[in-house]
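Only one structure is covered here, and it is reproduced in the block below.
The values are calculated or read from the model by the stated rules, or taken from the named source; none is laboratory data. Bear in mind that the values here come from a model prediction, so they are computed numbers and not experimental data. Cβ placement follows ideal geometry from the backbone for every residue including glycine, while neighbour counts extend to all protein chains displayed.
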Amino acid sequence: MQLQPYFPTFTYMNFILIFGPPAVGKMTVGKALAAKTGYKLMHNHVSLELANRFFDFGTDPFRKIDSLVRFGVFETVAESDLSGFIFTFCWAMGLPEEDAYVDRIVKIFTDQGAKIHYVELEASQEIRLERNGLPDRLAEKASKRDVKKSAGFLKHDDKVYRLNTLEGEMPERKIFKLNNESLSADEVADLVMGHYGFPVGV
C-alpha cells in the first residue's frame, strides 16, 4: 500500500483591534462583526465595568482588577483554538505609553501565531454625542448611564487627546480606517470582512 504524503495544516487566529474615539460605534461594529464571522468579542468596558463594581475609576485597585481580567482573557484566548477574537479600545495617538500598551496586547497574540488586523473608526463629535445615549451602549456600559456626565467626558477626551490617526500615520500597522457616520454597523462589518477576507461564520 502506497502511503499518501502528509501535509500538516496550519491555522491561525485572527485578532481584530477596533479602535476610535468614545461613542464612535466600536462595540456595535464589533458585535456585528462577531455575528457574521463567529469570532468572539471583548469590548473595552467588559473589564472596566467589572473593576468599577468594586473601586472608583482610575484608582490603583481599579486598574489592578482591570488589568488582571483583561490580560488574563488575552493570554487564555491567545493560547486557545478560537479562530478569531475582537477587542475594542480607545487609543490616544502620539503617546508612547499608549503605543506600548497596544504592542503589549498584540505581542500576546503574535507570540501564539495570530494574525493582527487593525480597524479604525471615525465620526464627528456631533454624531458621537447622539450615539452616546443609545440603549445598547447604556445597557452594556453602566458607567455611561449618566448621559450628561459621559458626554462631558467625551468632550474632555476630544480636547485633551487625539483619538484618530493622521493620514499616513503608523503605515506598518496597515490600519483599515473608516468613517462610519453614515454607515450601519452591518455595513462596516461587511467592509471589514471584505478588506481582510474574513470568512462568514457557520
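Overview of results
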| item | result |
| --- | --- |
| Condition met for Ala151 (closer than 30 Å to Asp56 by Cα, in contact (Cβ under 8 Å) with a residue 12 or more places away in the chain and among the aliphatic types (A, V, I, L, M)) | yes |
| Every residue from region 143-202 that is in a loop (DSSP other than H, G, I, E, B), surrounded by 11 or more Cβ atoms within 10 Å (Cβ to Cβ) and small (Gly, Ala, Ser) | Ser184, Gly201 |
| Residue satisfying condition, being within 29 Å of Leu166 (Cβ to Cβ), surrounded by fewer than 20 Cβ atoms within 10 Å (Cβ to Cβ) and either under 10 Å from the mean Cα position of the chain (by Cα) or modelled with pLDDT of 95 or more (or both), within set Met93, Met27 | Met93 |
| Options Asp56, Asp81, Asp66: the member that is acidic (Asp, Glu), farther than 30 Å from Glu187 by Cα and not in a helix (DSSP H, G or I) | Asp56 |
| Subset of region 126-142 that is outside any loop (DSSP other than H, G, I, E, B), of a type outside the set (Asp, Glu) and touching a residue at least 40 places away in the same chain (Cβ under 8 Å) - its residue that is surrounded by the fewest Cβ atoms within 10 Å (Cβ to Cβ) | Ala142 |
| First in region 79-96 and acidic (Asp, Glu), second anywhere and surrounded by fewer than 20 Cβ atoms within 10 Å (Cβ to Cβ), Cβ under 7 Å, 6 or more apart | Glu79/Gln112 |
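Results for (1) touching a strand residue (DSSP E or B) at 6+ places or on another chain (Cβ under 9 Å); (2) of a type in the set (D, E, K, R); (3) closer than 22 Å to Lys40 by Cβ, shown as yes or no for each residue.
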site	(1), (2), (3)
Lys155	no, yes, no
Lys159	no, yes, no
Lys177	yes, yes, no
Glu181	yes, yes, no
Met193	no, no, yes
Gly197	no, no, yes
Val200	no, no, yes
